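A short write-up of the structure that comes next.
The values are calculated or read from the model by the stated rules, or taken from the named source; none is laboratory data. None of these values were measured; they are calculated from a predicted model. Cβ sites come from the backbone with ideal geometry, for glycine too, and all protein chains shown count toward neighbours.
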Amino acid sequence: MATLLKERSDWHGRRLGKKLRVGQKNLLENLLPHFKITPLNPDPHFETTMSESPQQVWLEIGFGGGEHLAALARAHPQIGFIGCEPFINGVAKLLTSIQTYNLKNIRIYDNDARPLLDVMNSQSIDRAFVLFSDPWPKKRHHKRRFIIEENLNRLARILKDEAELRFASDHYGFVSWALEQLVGHSAFAWNARSFRDWRNPPQDWVTTRYEEKALARQEHPAYLLFKRLARDV
């Protein structure tokens, strides 16, 4: 567990919440190594568990308890999934789903996503998700938000041409911030034509746990879908 709790010196946020149950500790110690990738070994090697190479690879940054990621993996067994999450309790929950549903197409990085993004292959991701991440509402903390230029540069490098980036949040201050950052970035294009394009989720949307909480409070999240523009040849 000591290794799991190592973190970047500039990371802000919790790594561990409630005390882990014995079963969760066992999953972290015995199951996680079979699905874990690291910046030193970023190749997901999906072929070791999937029957054939994945048709696409999708990335979720900050998967929380892993409900969204596990649901996608179950619905799309031909696609490989990489999930990044520094919150150990969330990693344990995702491992429970992997064990319960015998999922073979997920790889996990149990830490701050940035070091992994820096070493992933260029143009290796077909779709990326940043869903209901911490909005860091206080102005002095805005620099901690994930949707900032340096992280969009990281995503722009690893996303394939025409790949989709999905962002969602119920915090409209953060939504405005993210929209400004994304629209202002030369690698991304927003194809929304009316308010319905960002007030309603896409048809293949999988509801997240945080989204359910927002809807229960009668708050309506925003869904921003961006395309990675084609690179100049």
(request) Could you grab me the full set of residues in the stretch 180-196 that are under 20 Å from residue 132 (Cβ atoms), of a type in the set (A, V, I, L, M) and at pLDDT 95 or above? (result) 182
(request) Enumerate the pairs (first residue in the stretch 52-76 and at positive phi; second residue anywhere and basic (Lys, Arg)) with beta-carbon separation below 6 Å, excluding pairs fewer than 6 apart on the same chain, so at least 6 apart or on different chains. (result) 66/93
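Restricting attention to the stretch 130-156, which residues are assigned to a helix (DSSP H, G or I), surrounded by fewer than 21 Cβ atoms within 10 Å (Cβ to Cβ) and touching a helix residue (DSSP H, G or I) at 6+ places or on another chain (Cβ under 9 Å)? Before the answer, list the steps.
Initially, the stretch 130-156 is screened for residues assigned to a helix (DSSP H, G or I), giving 139-144, 149-156.
Next cut, surrounded by fewer than 21 Cβ atoms within 10 Å (Cβ to Cβ) only: 139-144, 149-151, 153-154, 156.
Answer for the stretch 130-156, where residues must be assigned to a helix (DSSP H, G or I), surrounded by fewer than 21 Cβ atoms within 10 Å (Cβ to Cβ) and touching a helix residue (DSSP H, G or I) at 6+ places or on another chain (Cβ under 9 Å): 142, 149, 150, 151, 154.
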(request) Mind listing whichever residues of the stretch 215-226 are modelled with pLDDT of 85 or more, more than 14 Å from residue 166 (Cα to Cα) and part of a loop (DSSP other than H, G, I, E, B)? (result) 217, 220
(request) Could you figure out which of (1) under 21 Å from residue 84 (Cα atoms); (2) surrounded by 18 or more Cβ atoms within 10 Å (Cβ to Cβ); (3) more than 13 Å from the chain's Cα centre (by Cα) isn't true of residue 168? (result) (3)
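Of all residues in the stretch 189-214, which are assigned to a helix (DSSP H, G or I) and surrounded by fewer than 13 Cβ atoms within 10 Å (Cβ to Cβ)? Lay out the reasoning, then the answer.
If we filter the stretch 189-214 for residues that are assigned to a helix (DSSP H, G or I), which is where we start, we get 196-199, 209-214.
Result: 196, 199, 212, 213.
Quick one: in the stretch 13-30, which of the residues that are over 15 Å from residue 85 (Cβ atoms) and surrounded by 10 or more Cβ atoms within 10 Å (Cβ to Cβ) is modelled with the lowest pLDDT? Walk me through it before giving the result.
So the first thing to find is which residues in the stretch 13-30 are over 15 Å from residue 85 (Cβ atoms), and the list is 18-19, 21-23, 25-26, 29-30.
Pick out the ones that are also surrounded by 10 or more Cβ atoms within 10 Å (Cβ to Cβ) and you get 21, 23, 25-26, 29-30.
Working: 21: 87, 23: 91, 25: 94, 26: 95, 29: 96, 30: 96.
Per the stated criteria, the residue is 21.
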(message) Take the residues in the stretch 94-120 that are free of Cβ contacts under 8 Å to residues at least 40 places away in the same chain and surrounded by fewer than 23 Cβ atoms within 10 Å (Cβ to Cβ); name whichever of them is farthest from residue 157 (Cα to Cα).
(response) 100
(message) Would you confirm, using the coordinates I've provided, whether residue 88 is surrounded by 17 or more Cβ atoms within 10 Å (Cβ to Cβ) and touching a strand residue (DSSP E or B) at 6+ places or on another chain (Cβ under 8 Å)?
(response) no
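Looking at the stretch 109-129, is at least one residue part of a loop (DSSP other than H, G, I, E, B) and closer than 20 Å to residue 180 by Cα? Even if it seems obvious, please write down each step before you answer.
Narrowing the stretch 109-129 to residues part of a loop (DSSP other than H, G, I, E, B): 110-112, 120-124.
The next check asks that each one be closer than 20 Å to residue 180 by Cα; those that pass are none.
The answer is no, given that none of the residues of the stretch 109-129 is part of a loop (DSSP other than H, G, I, E, B) and closer than 20 Å to residue 180 by Cα.
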